[in-house]
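Structure first, commentary second.
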Amino acid sequence: MQPMVQITNVRKSYADGFEALKSVSLDIEDGEILALLGPNGAGKTTLISTICGISQPTSGTIKVGGHDVVTAYRGARSLVGLVPQEINLEPFERVMNTVRFSRGLFGKPKNEALLEKILRQLSLWDKRDSRIMELSGGMKRRVLIAKALAHEPRVLFLDEPTAGVDVELRRDMWDIVAQLKRDGVTIILTTHYIEEAEAIADRIGVINKGEILLVEEKTALMTRLGQKELRIELHDPVSKIPASLEGRGLKLEEEGQVLVYSYDTTQDRTGIATLIRDVSDAGLVLRDLQTRQNSLEDIFVGLVTDQEDAA
């Protein structure tokens, strides 16, 4: 079964020589949620714009549902819904008319029942006759999603959909995305919020400087790259690590009060039991033990830093 979105060796460069995308290749499967992470200027929005036909690739090919976005753009564009970063709505128009207009742009027949379902799903039904200018920022973002869903796309792009909204509304948006996935919509999400990717994505992609650094199933990524730390709080601080414990990869933190030991959770043996015994044999008295799992943010920062160091 072919992927819903196929991106093959796509480059995007400009007249001044700047290369926004550098030979990007990526397959996005039908019905999955892919979170695309990257710092400002990484190429996230450029990639989405190129897939959606807003800009054309300099080279390479992109297909959506088997339709080439350049040579068969009508077929490709009909399958795509886009929720942009910017709130670009007509302020004096009413919510229902805004959504109706978007459906009509794609040549779809009237379907008031569907539009009602979308507005109810987005908690907008009671705002259907309100003018856009009367809505809060969070509600305007919901209208953007309603517009993007009005023509029943199979692929939905969410470009920083929760930027500038409060935590409660952000979690509401996560619930909306989860429901769309259950409805069979393929979702590509760009975000600065690492917790969004951890909460809702099936796979994580990391992009920086126009290059895809990694694309992997979320749980496998956390397992493969995730490290754990054992933090050993000592009863009395020490000025240096005892000679008998050198070579164990220990770090001394918090003014000599804490020994830090990093270990790989995928290994059969962590070495913790032996380490605890050796710490005791070195005459150190333990006060407390804590473990800490690397977050996706730690992994993301590490990947981007490694790329910059290699440049």
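Readers should treat all values here as calculations from the given coordinates under stated rules, not as data from a laboratory. Small disclaimer: the values here were computed from a predicted structure and weren't measured. All Cβ positions, glycine included, derive from the backbone under ideal geometry; neighbour counts span all protein chains shown.
Springs between alpha-carbon pairs under 10 angstrom, Gaussian network model over the chain: which of Ile241, Ile87, Ile232 fluctuates most?
The residue that fluctuates most here is Ile241.
Rounded to the nearest 0.05, what FRET efficiency is calculated for Glu255 and Asp16 with R0 set to 45 Å and r the Cβ-Cβ distance? Before the final figure, lay out each step's value.
Values: r = 51 Å, r/R0 = 1.13.
That pair, Glu255 with Asp16, gives E of 0.30.
Helix 112-121: angle to the longest alpha-carbon principal axis of the chain, degrees 0 to 90, nearest 10?
With rounding to tens, the tilt is 20 degrees.
Given +1 on the Cβ of Lys and Arg, -1 on the Cβ of Asp and Glu, and no further charges, what dipole in debye does segment 227-293 carry about its Cα centre, rounded to the nearest 20? Before the final figure, lay out the partial values.
Details: 9 positive and 12 negative charges, 31 e Å.
Here the size comes out at about 140 debye.
Could the peptides 271-278, 145-152, 211-218 be put in order, highest first, of the mean number of other beta-carbon atoms found within 10 Å of their residues? Don't jump to the answer; show the numbers that get you there.
Numbers: 271-278: 13.6, 145-152: 22.0, 211-218: 16.8.
Highest mean packing first, the order is 145-152, 211-218, 271-278.
Which one, Gln257, Ile232, Gly104, is farthest towards the positive end of the dipole of the chain when Lys and Arg carry +1 and Asp and Glu -1 on their Cβ?
Positive-end residue among those listed: Gly104.
Using a cut-off of 13 Å between beta-carbons, work out the net charge of the residues near Phe18 (Lys and Arg +1, Asp and Glu -1, Phe18 not included).
Details: positive: Arg11, Lys12, Lys22, Lys209; negative: Asp16, Glu19.
It works out to a net charge of +2.
Quick one: Cα centre-to-centre distance for segment 163-239 and segment 6-74, in angstrom?
When both Cα centres are located, 22 Å separates them.
Go ahead and run the numbers for FRET between Val285 and Lys228, Cβ-Cβ distance against an R0 of 25 Å, rounding to 0.05. All intermediate terms of the calculation are to be shown ahead of the outcome.
On the way: r = 23 Å, r/R0 = 0.93.
Efficiency, from the Cβ-Cβ distance: 0.60.
Give the lysines reachable from Lys127 as a straight Cα distance under 18 Å; neighbours fewer than 8 places away on the same chain don't count.
In chain and number order, the partners are Lys117, Lys140, Lys147.
If you place +1 on the Cβ of every Lys and Arg, -1 on the Cβ of every Asp and Glu, and leave all else neutral, what size is the dipole of the chain about its Cα centre, to the nearest 20 Debye? Don't skip to the answer; put the middle values down first.
Details: 39 positive and 47 negative charges, 314 e Å.
With only Lys, Arg, Asp and Glu charged at Cβ, the dipole is about 1500 debye.
Send over the per residue convex hull volume for the chain, Cα only, as a whole number of Å³.
So the per-residue hull volume is 181 Å³.
What number, rounded to the nearest 500 deg cm²/dmol, is the helix-based mean residue ellipticity at 222 nm of the chain, given -39500 (n - 2.57) per DSSP H run of at least four residues and division by all its residues? Working shown, then result.
Working: 10 runs with 104 residues, N = 311.
Per the formula, -10000 deg cm²/dmol.
Report the charge-dipole magnitude of segment 78-125 in Debye, nearest 20, computed about the Cα centre from +1 at each Lys and Arg Cβ and -1 at each Asp and Glu Cβ.
Working: 7 positive and 5 negative charges, 50 e Å.
For segment 78-125, the charge dipole is close to 240 debye.
Run the simple label-point estimate for Lys110 and Lys240 please: 7 Å along Cα→C-beta, distance reported in nm.
Distance between the two pseudo-spin positions: 8.5 nm.
Label 7 Å along Cα→Cβ of Asn9; segment 26-65 residues with amide nitrogen under 20 Å?
Label zone hits: 26-28, 47, 50-51, 56-64.
From the phi angles alone, apply the Karplus equation (6.51, -1.76, 1.60; θ = phi - 60°) to segment 85-97 and give each ³J(HN,Hα) in whole Hz, x where the residue is Gly or Pro.
These are the phi-based 3J(HN,Hα) values: 5, 7, 8, 10, 10, 6, x, 8, 7, 8, 4, 4, 5 Hz.
Determine, from the Cβ-Cβ distance of Asp278 and Gln2 and an R0 of 51 Å, the FRET efficiency 1/(1 + (r/R0)^6), rounded to the nearest 0.05. Numbers along the way, then the final one.
Details: r = 55 Å, r/R0 = 1.08.
The formula returns an efficiency of 0.40 here.
Among residues other than Arg142 whose Cβ falls under 11 Å from its Cβ, what is the net charge (Lys/Arg +1, Asp/Glu -1)? Please list the in-between numbers first.
Values: positive: Lys127, Lys140, Arg141, Lys147; negative: Asp172.
In short, +3.
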